[in-house]
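Enquirer: Take a look at the following structure, please.
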Amino acid sequence: MRHYFITGTDTDAGKTLVASALLARARLDGLTTLGLKPVASGCEATAEGLRNADALSLMDQTYPATDYATINPHAFEPAIAPHLAAQRAGCKLDLEQLTQTLKPALEQARDLVVIEGAGGWRVPLNTNQYLAELASRLELPVILVVGLKLGCLNHAQLTAEAIKADGLELAGWVGNLLDPGFSADEALYKENLDHLTGVLPGPCLGIVPRISATCPCERAKKAADYLHLPIID
C-alpha cells in the first residue's frame, strides 16, 4: 500500500484537486483508493450532517466506497482555521486522538491512500501542535501542491525546507496553475517551472493547467491526465 500526506504552499493551492486527481489516476490504473480529510472547516449543514466539499471530492474518488465519517471525522461549519473552528464547536483537536481516529481507515487494504491536510504546512491543530505532525506521527511521505502564481517559488522552497526539517520525505510535487497570467509568457513560465524542478528535492508528478469543468468529479478526472503516481522503489 502507498500512503501519502498532501500539503500545499498555501490555502487554496489546489490540494483537493490534486489529491482527488491522484486518486482518479490510481483508479484508471486499476488500483483501489482511499482519500481522507481528517479535519475540515467550512462545512455545509445538510440533512445527513455537516459536509465539506473537499471531503466529498475525495469521497467521489474513493474505491471501494466508504462512509463520509471515515473520510472526514472532524467537520466544522465556520470557514476559519481548523483549531479555531474546533474551539467554537466546543472541542479541542489533539494529535493522539486524531491518530487513533484514523487508525481503522489506515488499516483498510487499499493500494493508494492520500491524507489531505488543511491550509499550508504550519496550520495549527491546537495551541501547541500542528496538523503536519500527523504526517510525522504516521511517518508519511509528503506530496506538495505548489499553487502556481507570483510568489510561488519562495512559498514552495520554504515549505520543502520545513518538510525536510521535520524529518519527512518529499515524495514529489505537483504544480497547479492558479493565475492564468503566470503562464502568459511561455518562456518565463518554463523558467519558473525549471527553477522549481531544480530546487525541490522530490520529483515533479505533473503540472495541472486551469481546468474548465465545474463538477469536482470531472475536474479530478481531467487533472488526472496530467499526473503520474510517485514511483515506489
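Enquirer: Within the stretch 169-178, is even one residue of a type in the set (Val, Ile, Thr), in a helix (DSSP H, G or I) and either over 17 Å from the mean Cα position of the chain (by Cα) or crowded, with 17+ Cβ neighbours inside 10 Å (or both)?
Expert: no
Enquirer: Look at Gly119 and say whether it is over 25 Å from Met1 (Cα atoms), surrounded by 15 or more Cβ atoms within 10 Å (Cβ to Cβ) and at pLDDT below 95. Steps first, answer last, please.
Expert: Details: over 25 Å from Met1 (Cα atoms): yes; surrounded by 15 or more Cβ atoms within 10 Å (Cβ to Cβ): yes; at pLDDT below 95: yes.
Considered against the rule, which asks whether it is over 25 Å from Met1 (Cα atoms), surrounded by 15 or more Cβ atoms within 10 Å (Cβ to Cβ) and at pLDDT below 95, Gly119 comes out as yes.
Enquirer: Then there's this: Restricting the search to the stretch 17-30, which residues are open to solvent by 20 Å² or more (accessible area, probe 1.4 Å) and within 12 Å of Val145 (Cα to Cα)? Before you say what the answer is, go through the steps one by one.
Expert: First, pick out the residues of the stretch 17-30 that are open to solvent by 20 Å² or more (accessible area, probe 1.4 Å): 17, 25, 27-30.
Residue satisfying the conditions is Leu17 alone.
Conditions (1) of a type in the set (A, V, I, L, M); (2) farther than 26 Å from Asp179 by Cβ, marked per residue:
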| site | (1), (2) |
| --- | --- |
| Asp12 | no, no |
| Ser20 | no, no |
| Ala26 | yes, yes |
| Ala45 | yes, yes |
| Thr99 | no, yes |
| Gln108 | no, yes |
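Enquirer: Out of everything in the stretch 125-165 that is in a loop (DSSP other than H, G, I, E, B) and open to solvent by 60 Å² or more (accessible area, probe 1.4 Å), what residue ends up being nearest to Ala81 (Cα to Cα)? Write out each step before concluding.
Expert: Looking only at the stretch 125-165, we keep the residues that are in a loop (DSSP other than H, G, I, E, B), and these are 125-129, 131-132, 139-141, 149-151.
With open to solvent by 60 Å² or more (accessible area, probe 1.4 Å) added as a condition, the list becomes 127-128, 139, 149-150.
On the way: Thr127: 12, Asn128: 14, Glu139: 24, Lys149: 23, Leu150: 24 Å.
Once the filter is applied, the top-ranked residue is Thr127.
Enquirer: Quick test of your reading of the structure: Ile211 fulfils all but one of (1) open to solvent by 40 Å² or more (accessible area, probe 1.4 Å); (2) part of a loop (DSSP other than H, G, I, E, B); (3) of a type in the set (A, V, I, L, M, F, W, C). Name the failing condition by number.
Expert: (1)
Enquirer: Going by the conditions given, is Gln108 open to solvent by less than 60 Å² (accessible area, probe 1.4 Å) and modelled with pLDDT under 95? Write out each step before concluding.
Expert: Working: open to solvent by less than 60 Å² (accessible area, probe 1.4 Å): yes; modelled with pLDDT under 95: yes.
Yes: the conditions hold for Gln108.
Enquirer: May I pose another question? Can you report the number of residues in the stretch 72-104 which are touching a Pro at 6+ places or on another chain (Cβ under 9 Å), of a type outside the set (S, T, N, Q), open to solvent by less than 70 Å² (accessible area, probe 1.4 Å) and under 22 Å from Ala135 (Cβ atoms)? Quick ask: steps written out before the conclusion?
Expert: Within the stretch 72-104, the first condition is being touching a Pro at 6+ places or on another chain (Cβ under 9 Å), and the residues that meet it are 72-74, 76, 81-85, 88-89, 93, 98, 101-102.
Subset that is of a type outside the set (S, T, N, Q): 73-74, 76, 81-85, 88-89, 93, 98, 102.
Retained after the next criterion (residues that are open to solvent by less than 70 Å² (accessible area, probe 1.4 Å)): 73-74, 76, 81-83, 85, 89, 93, 98, 102.
Imposing the further condition that a residue be under 22 Å from Ala135 (Cβ atoms) reduces the set to 73-74, 76, 81-83, 85, 93, 98, 102.
Counting residues in the stretch 72-104 that are touching a Pro at 6+ places or on another chain (Cβ under 9 Å), of a type outside the set (S, T, N, Q), open to solvent by less than 70 Å² (accessible area, probe 1.4 Å) and under 22 Å from Ala135 (Cβ atoms) gives 10.
Enquirer: Going through the stretch 31-47 one residue at a time, which ones are open to solvent by 30 Å² or more (accessible area, probe 1.4 Å), of a type in the set (A, V, I, L, M, F, W, C) and touching a strand residue (DSSP E or B) at 6+ places or on another chain (Cβ under 6 Å)?
Expert: Matches in the stretch 31-47: Leu31 only.
The values are calculated or read from the model by the stated rules, or taken from the named source; none is laboratory data. What you see is a predicted model; the values in this text were computed from it and never measured. Positions of Cβ are backbone-derived with ideal geometry, glycine not excepted, and every protein chain shown enters the neighbour counts. Surface accessibility is based on the protein's heavy atoms, side chains included, excluding ligands, DNA and RNA. Shrake-Rupley method; radii C 1.70, N 1.55, O 1.52, S 1.80 Å.
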